[in-house]
Ligand code: SF4
């Protein structure tokens, strides 16, 4: 997956050697600007291929802990994000990171992740609880064997006695759970949730390049539950084409009849939405993508394109009814959706008490 390793000449860390030896690669010195200049010379598809197989080790100069930016006009679920890694070896057709290919073409891991500790300490000074996730600009577990992110976060929460104050979520489309299972063995008291994106198997195969197929994700979910680790399920992006609704309902029935409901902490539903700038990239790179099949309309608040309101309402309504039948009282919320839809669907926020 990772074919070359670079590190910023300004950083010194034993982690460089550790990561290099786990990858079996020699680490080369290069600045971010030098790497970007090289990538700019490549044709578009080669930029992606090169960037997704290149790991750059660097130092984060800004803050790590941020409130999820959400979107103007949508219901906020009070989530915080930590970006210790940006970029991803996977290649999903709908990935927002495609927008940043010119300035952030490769995977960057920030080795000064300890700088996050005072940020969290300061947050907990004024808040009793923090629900936080990695994986806003990356896949949380895709490179966990190499970067040992889960081990770092669980050890940090344990060492600072924050296990009652922090819920940490790792969001993934991989089935890379070995490092996390090992970390959980050492720090079982830490409140960790593994969030899996789930979608139709045919969609995953065609539109979520290099990710784990659904059956492997399901196997990983069952293994985690066997070890007492709770899950989150993210039905996102839901491709709201009318003939796909029954397939999504079958997917939900299969998942919720297989998994242990007591170890499902939250479920999100999110219809596909995109920014205007992403559309031409999808058209160019993935002209046969299902994302281009539906008619979408811009929103006044956040200028994102979404499916027609009645179609979204019908889709969410049918999905909620299906899940409710098999998992009564399921902790469901809508991701990046408008207030009126919550009201239309009579979806009370206390259904997912942890999130609000
Ligand atoms: S897994 Fe997430 S970050 Fe990675 S390519 Fe897919 S959408 Fe982008």
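In table form, for the structure just shown:
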| quantity | calculated |
| --- | --- |
| Matching option when the condition is away from the ligand (no atom under 16 Å from the Cβ), crowded, with 20+ Cβ neighbours inside 10 Å and farther than 26 Å from residue 235 by Cβ, among 147, 124, 151, 111 | 111 |
| Of residues in segment 224-266 being in a loop (DSSP other than H, G, I, E, B) and under 21 Å from the mean Cα position of the chain (by Cα), the one farthest from residue 308 (Cα to Cα) | 229 |
| Test set (1) closer than 21 Å to residue 79 by Cα; (2) at pLDDT 95 or above; (3) within 21 Å of the chain's Cα centre (by Cα); (4) not in a helix (DSSP H, G or I) - residue 162 fails condition number | (3) |
| Residues satisfying the stated conditions in segment 245-292, i.e. in contact (Cβ under 8 Å) with a residue 60 or more places away in the chain, crowded, with 17+ Cβ neighbours inside 10 Å and under 25 Å from residue 192 (Cα atoms) | 252, 256, 264, 265, 266, 267, 268, 269, 270 |
| Matching entry among 85, 132 (being more than 16 Å from the ligand (Cβ to nearest atom) and surrounded by 15 or more Cβ atoms within 10 Å (Cβ to Cβ)) | 132 |
| Options 206, 171: the member that is surrounded by fewer than 23 Cβ atoms within 10 Å (Cβ to Cβ), closer than 21 Å to residue 335 by Cβ and within 14 Å of the ligand (Cβ to nearest atom) | 171 |
| Residue within segment 188-211 that is over 23 Å from residue 292 (Cβ atoms) and part of a helix (DSSP H, G or I) present | no |
| Residue in segment 213-223 that is at pLDDT 95 or above, assigned to a helix (DSSP H, G or I), more than 30 Å from residue 166 (Cα to Cα) and touching a strand residue (DSSP E or B) at 6+ places or on another chain (Cβ under 7 Å) present | no |
| Residue list for segment 305-329, filter: touching a strand residue (DSSP E or B) at 6+ places or on another chain (Cβ under 7 Å), surrounded by fewer than 19 Cβ atoms within 10 Å (Cβ to Cβ) and farther than 11 Å from residue 240 by Cβ | 305 |
| Candidates 215, 178, 182 - the one that is surrounded by fewer than 23 Cβ atoms within 10 Å (Cβ to Cβ) and within 28 Å of residue 250 (Cα to Cα) | 215 |
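The values are calculated or read from the model by the stated rules, or taken from the named source; none is laboratory data. Keep in mind that what you see is a predicted model, and the values were worked out from it rather than measured. Here the Cβ is made from the backbone with ideal geometry for all residues, glycine too, and neighbour counts use every protein chain on show.
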